[in-house]
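The values are calculated or read from the model by the stated rules, or taken from the named source; none is laboratory data. What you are looking at is a predicted structure, and each value in this text was computed from that prediction instead of being measured. Here the Cβ positions follow ideal geometry from the backbone for every residue, glycine too, while neighbour counts run over all protein chains shown. Heads up: the accessible areas ignore ligands, DNA and RNA and are worked out on the full protein's heavy atoms, side chains in. Shrake-Rupley method; radii C 1.70, N 1.55, O 1.52, S 1.80 Å.
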Amino acid sequence: RLDAACFHARNHKVALSALAAVTLILSCVSIVSVSSADGPSAKVLDEILPPVDGDPMNSPHESGVLLNPTEISKQSYPGYPQCQDRLAWMQQNWNSTDALYQKYHSAGVDGSVNSILNYLNQHGLYCPTADDANRKPIHGVSIGGWLVLEPWIVPSLFEQFDPADNVVDMWKFCEVLGPAECQRQLNHHYDTFLTLEDVTSLAEGGINHVRIPVGYWIMGDIRAGEPWVPGALAYLQRAMHWFKKYDIKVLFDLHCAPGSQNGFDNSGRKGEIHWADPSVDSSGNTFYPNIDRSLTVIEGLVSLFSLEPFQGTVKYIELVNEAFITIPIDVVKSFYTRGYEAVRRLDPTIGIVIGDSFRFGAWQDFMYPPNYNHVYIDTHIYQVFDTYRLSMTTAQHIDQTCNTNLPEVAVAPLSTIVGEFCGAMNDCAQWLNGYGSGARYDGTFASAPNPAIGSCVGYNDTSNKDVWTPSYKADLRRYVEAQMDAYESGSAMGWFFWNFKTERAPQWNYLLGVEMGWIPKPASNKRSRAPRSEEVLLDSPPQTSNNTASAVPTGAF
């Protein structure tokens, strides 16, 4: 097996339940037991699912031979030839009898490849996605710091202020500058931070998707008391022509919701969370004004960009980024179902992405087909926001990745998009934890004081040869490549690296990583791969995170 560094797990992720872990282990045993392209281990499959009369998916053998011996292995999944057999059988037989239809339809199968893969993965019949499942994995980057400012991505814009002004976010940026100067500076930033040259480089590097964070003011709805200025939409439309030119698909992400959905600076306004504040109308009915306003923004984006010349370029819409875990889940779920209905009235095919809201395991039996189609769950995986993970060696990062995160994203209830990950293994990037804040790694983060784990000197300066050694860059490449591979596993859809560029945070800068050689070019040109879950699980089953006390990072994106 090729050696590989694996991806870092974000501290809010929820580990597989014991039952799911056992199911996954069983499925991995069945995968490892395959000795040819003829099919899976019948004995293990029989143990996973109770027999159903006339259903070879539960009793897939007759005298040890698969009941569907058709010649379907020519496009089999690499390393998992039995998956193509299962997929083909399900496509042919899922509704062939009343009993089979009732069984599979009630479990969300509608005959589509995605619904069948979801069913197989949910029942421990682990099947990675591949080109023969009618899609290519997402190889994407986020265009963060462009239309939504974040101080750590573009610190040069925030260094002009007196620290006493406490310009910690985009709201304060515009409020302190005033509308005219804010407009002037933002127009220059919009014009220069993302360029055609950048998009060309991304395309040449094999990037096939971009995730674009936007604020709720993008469509021009700016109300009294809000410091936002218009103008971003024109630059977004210009960029959309660039992405269309290179056939790069787009995911729009409502990164900033009215009232702030998480209180982070990346929501546009740092501080209190008011997105889900309720109101009562004259009839005594409860409603949520900021949530309603969010839906209007989503409808505006879909209405505009589902038309020519952009039709087909926008592939996904993410209803909201990182709604905080303290918002009642029923409120979040209601927003997601309303958002689905609103988008489907405008576009029947666009993918709808729901964020995990810092509770990845809370979405069982939610928005499944056939009632909901083309729905995906977004999770963000970082390993830099608590001292436990910051103390890990590279080998420990690999161990946690392979034993916890890969199995999670591979068999999640809804197909997973890893909407954010990076190459960093420390939080040394300037202001990563907020404007003016230090780092946990070197003990300078005042909000959570702790002894220094190490020094941050040199990590943000790629000319520092004491830190940026060939060995360190090799570790970065192994780490990034393994993440890429892991996030394409099972029913996972692929990944978006955060971010396409930064000013002073090298490990978060995709274009710089390609230039320096620690990100592969193209993205598919990986030298190594993450150990598949069955390879890992035979040695040690998935483990729950050892640091649940710090479930949500202070600096999230």
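Structural remarks
- Contact order relative to length of the stretch 302-408, as percent, for alpha carbon pairs under 8 angstrom and 6 or more apart: 24
- Computed packing ranks the peptides 308-314, 113-119 as 113-119, 308-314, most packed first, by mean other Cβ atoms within 10 Å.
- Cα lying deepest toward the dipole's positive end in the stretch 156-281, options L233, A203, G259, charges on Cβ: A203
- Stretch gain in nm, segment S447-S524, where the contour uses 0.36 nm per residue and the Cα spacing is subtracted: 23.7 nm
- On the basis of the beta-carbon distance and an R0 of 60 Å, E159 and A107 show a calculated FRET efficiency of 0.60.
- In plain terms, the C-alpha convex hull of the stretch 257-325 casts an average shadow of 6.0 nm² when viewed from every direction.
- q = 0.21 Å⁻¹, the stretch 412-474: log10 I(q)/I(0) [Debye, one scatterer per Cα]: -0.89
- Stretching F287 away from S96 to a fully extended chain increases their span by 64.2 nm, per 0.36 nm per residue minus the current alpha-carbon distance.
- Each peptide among 437-443, 175-181 gets the average number of other Cβ atoms lying within 10 Å of its residues, and from highest to lowest they stand as 437-443, 175-181.
- Summed residue charge, Cβ within 13 Å of P470's Cβ, Lys/Arg positive, Asp/Glu negative: +2
- Measuring nothing but protein heavy atoms, the accessible surface of the stretch 91-234 at 1.4 Å probe radius is 49 percent carbon and sulfur.
- Virtual paramagnetic centre 7 Å along Cα→Cβ of R504, amide N under 20 Å, in the stretch 262-299: 265-266
- Inter-label distance for E197 and L307, nm, one decimal - labels placed 7 Å from Cα along Cα-to-Cβ: 3.5
- Accessible surface of the stretch 259-417, 1.4 Å probe, proportion on carbon and sulfur as whole %: 51
- For the pair S334 and L346, the difference between a 0.36 nm per residue extended length and the Cα-Cα distance amounts to 2.4 nm.
- Restriction of the trypsin sites (Lys or Arg not before Pro) in the stretch 169-223 to DSSP coil positions whose beta-carbon has at most 14 other beta-carbons within 10 angstrom yields R223.
- Å² of accessible area per residue within the stretch 431-487, as computed with a 1.4 Å probe and no ligands counted: 42
- Panel note: the C-alpha atoms of the stretch 251-401, placed on their principal axes, show extents of 54, 39, 31 Å (largest first).
- For K501, the lysines whose Cα comes closer than 17 Å to its Cα, not counting residues fewer than 8 places off in the same chain, are K521.
- Relative packing of peptides 402-408, 357-363 - highest average C-beta neighbours within 10 Å first: 402-408, 357-363
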